[in-house]
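The values are calculated or read from the model by the stated rules, or taken from the named source; none is laboratory data. What you are looking at is a predicted structure, and each value in this text was computed from that prediction instead of being measured. Don't worry about glycine lacking a Cβ; one is built from the backbone with ideal geometry, like all the others, and counts go over all protein chains shown.
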Amino acid sequence: MRRIKYIPLIGSYMKVLSSANIYYEGLSGYIVDETANMIIFRDERDGKIKMIPKKGSRFYIRAYDNREYTVDGKYLIGDIVRRLIRDG
C-alpha cells in the first residue's frame, strides 16, 4: 500500500470499493485531477466530472503502468508532493 503514495493518480482508472457515503460505492472512471482531499474523475456511466473525498473511501486503482492497487483513501490525502514530503 505504501508504494501507491508515490504514483501520480491523474490518468489512472479508479473504482470506489467502499465509502462512508453509500452513494459513492461502485462509481468508477479515470482520474482527471486531485486535490489534497478529493479525487476528481470522469464517471464511466454518464461521462460527467465528479468528485469524491479521499478520507472515508477505499479505492481500486489501476495506475498508468497497469499495476493494480487497493488502497484506503486516508493514505492518499495530500497531493503527490505533500505525500512525498510527509512520508519521506
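Results for (1) under 19 Å from GLY78 (Cα atoms); (2) over 10 Å from the mean Cα position of the chain (by Cα); (3) among the hydrophobic types (A, V, I, L, M, F, W, C), shown as yes or no for each residue.
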{"residue": "MET14", "(1), (2), (3)": "yes, no, yes"}
{"residue": "LEU17", "(1), (2), (3)": "no, yes, yes"}
{"residue": "TYR24", "(1), (2), (3)": "no, yes, no"}
{"residue": "LEU27", "(1), (2), (3)": "no, yes, yes"}
{"residue": "GLU34", "(1), (2), (3)": "yes, no, no"}
{"residue": "ILE40", "(1), (2), (3)": "yes, no, yes"}
{"residue": "ASP46", "(1), (2), (3)": "no, yes, no"}
{"residue": "LYS54", "(1), (2), (3)": "yes, no, no"}
{"residue": "ASN66", "(1), (2), (3)": "no, yes, no"}
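Being buried (at least 17 other Cβ atoms within 10 Å of the Cβ), modelled with pLDDT under 95, of a type in the set (Gly, Ala, Ser) and out of contact with any Pro (no Cβ under 9 Å at 6 or more places or on another chain): is that true of GLY73 here?
no
Just to confirm my filter: which strands (runs of 3 or more DSSP E) fall fully inside the stretch 9-57 and include at least 1 residues that are of a type in the set (S, T, N, Q)?
13-19, 28-34
Can you run down the residue pairs with Cβ atoms below 8 Å, 6 or more apart or on separate chains, where the first is in the stretch 69-88 and among the acidic types (Asp, Glu) and assigned to a helix (DSSP H, G or I) and the partner is modelled with pLDDT under 65 and surrounded by 12 or more Cβ atoms within 10 Å (Cβ to Cβ)?
ASP87/LYS5
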